[in-house]
1. Within the range 371-381, is there a residue that is away from ligand 2 (no atom under 16 Å from the Cβ), surrounded by fewer than 20 Cβ atoms within 10 Å (Cβ to Cβ) and assigned to a loop (DSSP other than H, G, I, E, B)?
2. Report, ordered by the first and then the second residue, all pairs with beta carbons closer than 8 Å, sequence separation of six or more or different chains, a first member in the range 45-57 that is under 20 Å from residue 33 (Cα atoms), and a second member that is part of a helix (DSSP H, G or I) and aromatic (Phe, Trp, Tyr).
3. For the range 382-395, name all the residues that are more than 16 Å from ligand 2 (Cβ to nearest atom) and either touching a residue at least 60 places away in the same chain (Cβ under 8 Å) or closer than 13 Å to residue 500 by Cα (or both).
4. Looking at the range 419-503, what helices (runs of 4 or more DSSP H) fall wholly within it and have at least 3 residues that are more than 16 Å from ligand 1 (Cβ to nearest atom) and in contact (Cβ under 8 Å) with a residue 24 or more places away in the chain?
5. Six or more apart or on different chains, Cβ atoms under 8 Å: show the pairs whose first residue is in the range 348-374 and under 17 Å from residue 503 (Cα atoms) and assigned by TED's automatic domain parsing to the domain that holds residue 534 and whose second is β-branched (Val, Ile, Thr) and within 14 Å of ligand 2 (Cβ to nearest atom).
6. Suppose the filter is at pLDDT 90 or above and surrounded by fewer than 16 Cβ atoms within 10 Å (Cβ to Cβ); does residue 519 pass it?
7. Inspect all residues belonging to the range 265-288 and state whether any of them is at pLDDT 80 or above and of a type in the set (Ser, Thr, Tyr).
8. Restricting the search to the range 525-542, which residues are crowded, with 18+ Cβ neighbours inside 10 Å and in a loop (DSSP other than H, G, I, E, B)?
Amino acid sequence: MIDKNLFKINKIRPVLIGLAGLAVLQALLIIGQAYFLAKGISNVWAGKTVKAQLTYVGLFFICFMMRQVANYGKDRFLDSYAYKETKIIRQQLLKKVFSLGPNFVQKEGTGNMVTMAIEGISQVEDYITIILPKITNMMIVPWIIAAFVFTQDIKSAITLLIVFPIIIIFMIVLGYAARAKADKQYEGFQRLSNHFIDSLRGLETLNLLGLSKRYGKNVYQVSENYRKATMSTLKIAILSTFALDFFTTLSVAVIALFLGLNLIEGQMSLFPALTVLILAPDFFLPIRDFANDYHATLNGGNTLKSIYAVLDVEEPIDNSDALTQFTGWTSTSELELKDVAASYDASIEKDALEGLNFKWQGYGKIGVVGLSGSGKSTLIKVLGGFLNGTPSSEIRVNDETVTSLNNSNWQKNLFYVPQNPYIFHGSFRENINFYVPNATDDAVLEAVSQAGLTSLLSELPEGLDTIIGEGGQMLSGGQMQRVALARAFLDNSRKIMLFDEPTAHLDIETEADLKETILPLMEDKLVFFATHRLHWMKEMDYILVMKDGCIVEQGTYAELLAQDGVYKEFVNEIRGGSENNG
Ligand code: ADP
Ligand code: MG
């Protein structure tokens, strides 16, 4: 019932042991409570004065209070533990996703897995704070109570022990049924949302073709099916709660009946009978508690699974023993590409990149231009080490030559800003400081202001603590880019920056605003800036013109314009489009 992924969480063992200890304490206190209460009552029944029972009543209350205190302490501890650990897991995940690179995330299906893992982290938090103590309680408390009941009345103890596995089996069967239904429901939900979005997208066309009515019916049918699936899941869930309550109540009643008969026949005295009766509901309580949150376990467990599936993905060969001399890009560092080629799929004859030659020393802004499909992104991926060069490629960094930059010494010095930077579900602060988790708020605010986000921040209801991303405050495309830039402003130690069309999906005005922010960030760095918007090229120190996976021209802006070659051609080709200068 405890899945083994749980044990991968940092420091979980001592926590589980602590929880087990608390469960034992809990069980002893429950027994104490029942014992002292029964003692007091049976003494009064036997004719002693109420006053003489004050000690028992007092002890009962002490047990009761201690239980509450222990519970409160446990909750507090688990909350902070879960918060801390899930934060660590989130960081591990982001780091992993970062080092796996965009190629991994873009692969069919894995994007989903990553999203699920990152967004499901709050479910893991619930899993730790809610489910874990319930599981440990369920595995410990009933047995201690049963053991104590054995000392009081063997028949009752046997009844308890017989009912327990029946309930468990019942729970498992219903759980499976509910799960199957829930899966089906989820499928239905996906179908519904896809269907709905498709219809919305195609509304105009449908209207033109006069099909909108018929499609309306179709949407109705799909949503109706979804409603039915939801209801049947609910039915099972309610049925299982009912069945569980029914069984446990029935077995308590059976025990009460036996105890009553024994009392009438004088085979038993009041005190043990009373103790057993008080304890019987507590015997079942942990399992009922657990069953109520069974669904949360499913989600939390699934999320844990996908989190560790991502964390366990093997990173492409990291030749981290290479580039050991490289400690960061400086004004004298050198990078040279010699006959670099790269391919996404070895079975395709033509490589995505071929025969790249390029050399650079020190800081500088290098523009990468070319039409869509010319290999700009591929070049950026090779430079980021997210895609390996073919074996004959030579990439020289200072005095060391490698075939691939998939190397932590290189990657920890670079920033990658894609077209759609990932904003994960988390606070505004966490989204900015994840390269530098220990940054002070002052530093974060400074980066926020440099990235031009101050006015957005002042509008956020909870400032830096506001949750953004999916399910939280949504940001516009331009704002997301600014968050990505703020990350870069905050960590100025990374001197290599790779931009892959960071403004491609923004309108011209937003882009112009953003340009003001980006330009200062590029000073004193090695920057590769891929774009098909030519007005950036004026700002670049050097330009690589790509076509069909090759660098077909390179030089400064002035040189390329003077050359009357591919770049000129390219400018003319693009000018018909969106360019405002060139
Ligand atoms: P650009 O960024 O200039 O638009 P890309 O670098 O994305 O161009 O693409 C260069 C070539 O590589 C294209 O032929 C494209 O089809 C191919 N390509 C790009 N990404 C992948 C991928 N993930 N898998 C296979 N081929 C790809
Ligand atoms: Mg691209």
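The values are calculated or read from the model by the stated rules, or taken from the named source; none is laboratory data. Computed from a prediction, not measured in an experiment: that's the story for all the values here. Virtual Cβ from ideal backbone geometry, glycine too; neighbours counted across all protein chains shown.
1. Of the residues in the range 371-381, the ones away from ligand 2 (no atom under 16 Å from the Cβ) are none.
No: the range 371-381 contains no residue that is away from ligand 2 (no atom under 16 Å from the Cβ), surrounded by fewer than 20 Cβ atoms within 10 Å (Cβ to Cβ) and assigned to a loop (DSSP other than H, G, I, E, B).
2. 56/36; 57/36
3. In the first step, residues of the range 382-395 are kept if they are more than 16 Å from ligand 2 (Cβ to nearest atom); the result is 385, 388-395.
Of everything in the range 382-395, those that are more than 16 Å from ligand 2 (Cβ to nearest atom) and either touching a residue at least 60 places away in the same chain (Cβ under 8 Å) or closer than 13 Å to residue 500 by Cα (or both) turn out to be 385, 388, 395.
4. On the way: elements: 428-432, 441-450, 454-459, 477-490.
Hits in the range 419-503: 428-432, 441-450, 477-490.
5. Partner pairs satisfying both residue conditions: 367/531; 368/380; 368/531; 369/531.
6. Values: at pLDDT 90 or above: yes; surrounded by fewer than 16 Cβ atoms within 10 Å (Cβ to Cβ): yes.
For residue 519, the condition - at pLDDT 90 or above and surrounded by fewer than 16 Cβ atoms within 10 Å (Cβ to Cβ) - is met.
7. So in the range 265-288, the residues at pLDDT 80 or above come out as 265-288.
Filter again for of a type in the set (Ser, Thr, Tyr), leaving 269, 275.
Scanning the range 265-288, I find at least one residue that is at pLDDT 80 or above and of a type in the set (Ser, Thr, Tyr), so the answer is yes.
8. Result: 525, 531, 532, 533, 540.
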